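Notes follow the structure.
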Amino acid sequence: MADAPWESSEESEETKKEDQFLENLKKSIEDRLEEDSLSIKDIVLGRAKQQVEIIPDELTVTYRSPRAGELTKVREMATGKNPESGKPELNVQKHTYFHLSLYILRINEMAFSPPTEGGSFSKENVQKNADMLMELDDNLIVYLLWNRGWFLDRVRDKMTDAMLGNG
């Protein structure tokens, strides 16, 4: 039986299979992580980072936690004026690449430029990093996005554990 009127039983089963696939993938990747590779001190100071081996011996990504100001600047970079209404409008595709680029320090040997240099936000560096991402296969971008989300989950879990006295 379908979970909602617009879902067929087949779609619901397909969704369950995909959810299970993602859970298995996440577990496999997290099993390869170094124990205690995130520190509360680094998270609090806004410089948490973690090397994630996504595909053993083939694809390793180092993720970082961006600062709130960097996220705000990226949103501003991806917002332009709608030619018809003249009102601000977010370019979702640009925002996705700019946003993702803030979270990545390195993909294998490909190093990303820091979004902040000398205490100032660098639009040029963010644009250069986003351009590098846009040269990658779209399927890889999906995996980078999934793993960015899982990295954020681990950062939040570490903070929650520490607040509860378990970290």
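Could you tell me which residue of the range 23-49 is nearest to ARG67 (Cα to Cα), considering only residues that are out of contact with any Leu (no Cβ under 8 Å at 6 or more places or on another chain), surrounded by 13 or more Cβ atoms within 10 Å (Cβ to Cβ) and among the hydrophobic types (A, V, I, L, M, F, W, C)?
For the range 23-49, the residue satisfying everything is ILE43.
When you scan the range 26-45, how many residues do you find that are closer than 22 Å to PRO56 by Cα, in a helix (DSSP H, G or I) and in contact (Cβ under 8 Å) with a residue 12 or more places away in the chain?
3
Every residue, every condition in (1) loosely packed, with under 15 Cβ neighbours inside 10 Å; (2) at negative phi; (3) at pLDDT 95 or above, yes or no:
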site: LYS128; (1), (2), (3): yes, yes, yes
site: LEU144; (1), (2), (3): no, yes, yes
site: PHE151; (1), (2), (3): no, yes, yes
site: ASP157; (1), (2), (3): yes, yes, no
site: ASN166; (1), (2), (3): yes, yes, no
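Any chance the range 15-25 includes a residue that's out of contact with any helix residue (DSSP H, G or I) (no Cβ under 6 Å at 6 or more places or on another chain), in a loop (DSSP other than H, G, I, E, B), closer than 24 Å to LEU140 by Cα and among the hydrophobic types (A, V, I, L, M, F, W, C)?
The answer is no; no qualifying residue exists.
Residue pairs, Cβ under 6 Å, 6 or more apart or interchain, first in the range 116-130 and among the charged types (D, E, K, R), second assigned to a loop (DSSP other than H, G, I, E, B). List them.
LYS128/SER113
Within the range 31-48, which residues are touching a helix residue (DSSP H, G or I) at 6+ places or on another chain (Cβ under 7 Å) and at pLDDT 90 or above?
ALA48
Which of the residues that make up the range 100-118 are hydroxyl-bearing (Ser, Thr, Tyr) and at pLDDT below 95?
Result: THR116, single match.
The values are calculated or read from the model by the stated rules, or taken from the named source; none is laboratory data. Just so we're clear, the structure is a prediction, and the values are computed from it rather than from any experiment. Quick reminder, even Gly has a Cβ in these numbers, built from the backbone with ideal geometry, and neighbours come from all protein chains shown.
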